[in-house]
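The values are calculated or read from the model by the stated rules, or taken from the named source; none is laboratory data. Everything numeric in this text was worked out from a predicted model, so none of it was measured. Every residue, glycine as well, gets a Cβ built from its backbone with ideal geometry; the counts of neighbours run over all protein chains shown.
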Amino acid sequence: MSPTTNSSKKSRNIVAIIAMFFLFAMISFVTNLAAPLGTIWGNNYSWAGMMGNFMNFLAYLIMGIPAGTMLVKIGYKKTALWAMAIGALGIAVQYLSSVAGGEVACFSVSGQPVMLNFVIYLLGAFICGFCVCMLNTVVNPMLNILGGGGNTGNQLIQAGGSCNSLAGTLTPLFVGMLIGNVTKDTTMSSVAPLLYIAFGVFVVSFIIISFVSIPEPNLGKGDKKPKYSHSPWNFRHTVLGVIGIFFYVGIEIGIPGVLIFYLSDSSVSGITENAPAVATAVAAVYWLLMLVGRLCSSVISGKVSSRAQLTAVSTVAIILIMLAIFMPASVKVSVPAYSVADGFSMCEVPISALFLVLCGLCTSIMWGGIFNLAVEGLGKYTAQASGIFMMMVVGGGVMPLIQNAIANGAGYMASYWLVVAMLVYILFYALKGSKNVNRDIPVGEDEREVADEIENAL
């Protein structure tokens, strides 16, 4: 192979990686709209704060396997384009909730009428969930394979995750700036400009991705239906990793999600002015620290194993959550906040909030670490496993919903005991559960061979 050909392939490889990074950012942009928007609906329906988030992640349960099938039948690029179109539709439906249905009652919960506009919003969140599920299905295996699997594959996933965290940092901050103080009169129309931007981003993204060359190693194999003697469910470390992904996404979303509600509740947090804006600004720091953590992990992952990183961060996260639970709300710390009216200013918040946002440094590397360890040694079963993992992202809807219910009944800080329990499981997985004890199962193609196939496709 000539040097010119090698150079051309490397250039295309870089373009494909940049495209995956961009899609990673889109995932976070859509996902992180749910929690801050939930402060609007939660003020009208006490039980509704996490319902948009739940609907968003419920879509993963339905779309996980079909999204993996789409990769094989129509390829990575077309799957991503379909995701963009569906995401634009979801945003449009959410916008519709700001202009229609506010006077029409659909049903009642505990005697309180639920208006049609809330149902429309939930439908939009559900549709957006299909979008992010499809994007996740495209991005994670592609980056892992482009990186050659192993530590290098994890390194590339963490680098892409940095773009994800950057979008996650900016999204709740923008929403908080637009919302300001939430009252019963606050509606989705308050954040309509952000929905305009989101719709425009999807349209622009569709155009950009349509011109990007993405390798399609599995395209054309959709008619082939090989019958394997085993499945990912026959690998103990994969099964335990599936549970780990379910818990991890619940941890990642639950920590800042409940934190927003905690700080927005002036009677508990003690924040008297612009509490929702302060809450979303503090939550944005959590996502910013996830960005920092992923950047650091992308640097060291070539030398430090996923198992060692996962062990360290899960241990530290447990300590931080325990400190947050036991520290009294009267102990305050100053943090920067932003509102449209006052701009940037310092605001005092309970020190527990500081310990919770520091967890962003820990959760930052968990997804890539668990995914990388869980697919290690799967060979030809990797694609099937990826679809299963996408289904388990539904944990980001289920576990925060449970946590929010605990928060409403027993208090905000008490709800974080659920997070501690999930972190203990992640620690167990890092120490014991991630070891492949089923090496006697034939797996055919290894990750290196698949990577070579992609190289030839470029």
Of the residues that sit in segment 230-258 and are hydroxyl-bearing (Ser, Thr, Tyr) and assigned to a helix (DSSP H, G or I), which one is surrounded by the most Cβ atoms within 10 Å (Cβ to Cβ)? Tyr248
Would you confirm, using the coordinates I've provided, whether Ser11 is within 24 Å of Ile260 (Cβ to Cβ), surrounded by fewer than 16 Cβ atoms within 10 Å (Cβ to Cβ) and modelled with pLDDT under 80? no
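Going by the conditions given, is Arg307 assigned to a helix (DSSP H, G or I), buried (at least 19 other Cβ atoms within 10 Å of the Cβ) and basic (Lys, Arg)? Can you show your working first?
Details: assigned to a helix (DSSP H, G or I): yes; buried (at least 19 other Cβ atoms within 10 Å of the Cβ): no; basic (Lys, Arg): yes.
So Arg307 does not fit the description; no.
Being at pLDDT below 90, closer than 23 Å to Asn404 by Cα and in contact with a helix residue (DSSP H, G or I) (Cβ under 6 Å, 6 or more places away or on another chain) is true for just one of Gly64, Gly129, Gly102. Which residue is that? Break it down into steps so the answer makes sense when it comes.
On the way: Gly64 fails: closer than 23 Å to Asn404 by Cα; Gly102 fails: closer than 23 Å to Asn404 by Cα.
Only one candidate qualifies: Gly129.
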Pro328: passes all of (1) closer than 30 Å to Gly377 by Cβ; (2) not aliphatic (A, V, I, L, M); (3) not in a helix (DSSP H, G or I) but (1)
When every residue in segment 267-290 that is closer than 16 Å to Ile365 by Cβ and surrounded by fewer than 24 Cβ atoms within 10 Å (Cβ to Cβ) is compared, the one modelled with the lowest pLDDT is Leu288
In segment 21-80, what residues are crowded, with 23+ Cβ neighbours inside 10 Å, of a type outside the set (A, V, I, L, M), over 12 Å from the mean Cα position of the chain (by Cα) and not in a helix (DSSP H, G or I)? Gly49
Within segment 90-109, restricting attention to residues that are touching a residue at least 24 places away in the same chain (Cβ under 8 Å) and exposed (fewer than 15 other Cβ atoms within 10 Å of the Cβ), which residue is farthest from Phe199 (Cα to Cα)? Val109
Residues satisfying the stated conditions in segment 347-399, i.e. over 20 Å from His237 (Cα atoms), aliphatic (A, V, I, L, M) and in a helix (DSSP H, G or I): Ile351, Ala353, Leu354, Leu356, Val357, Leu358, Leu361, Val398, Met399
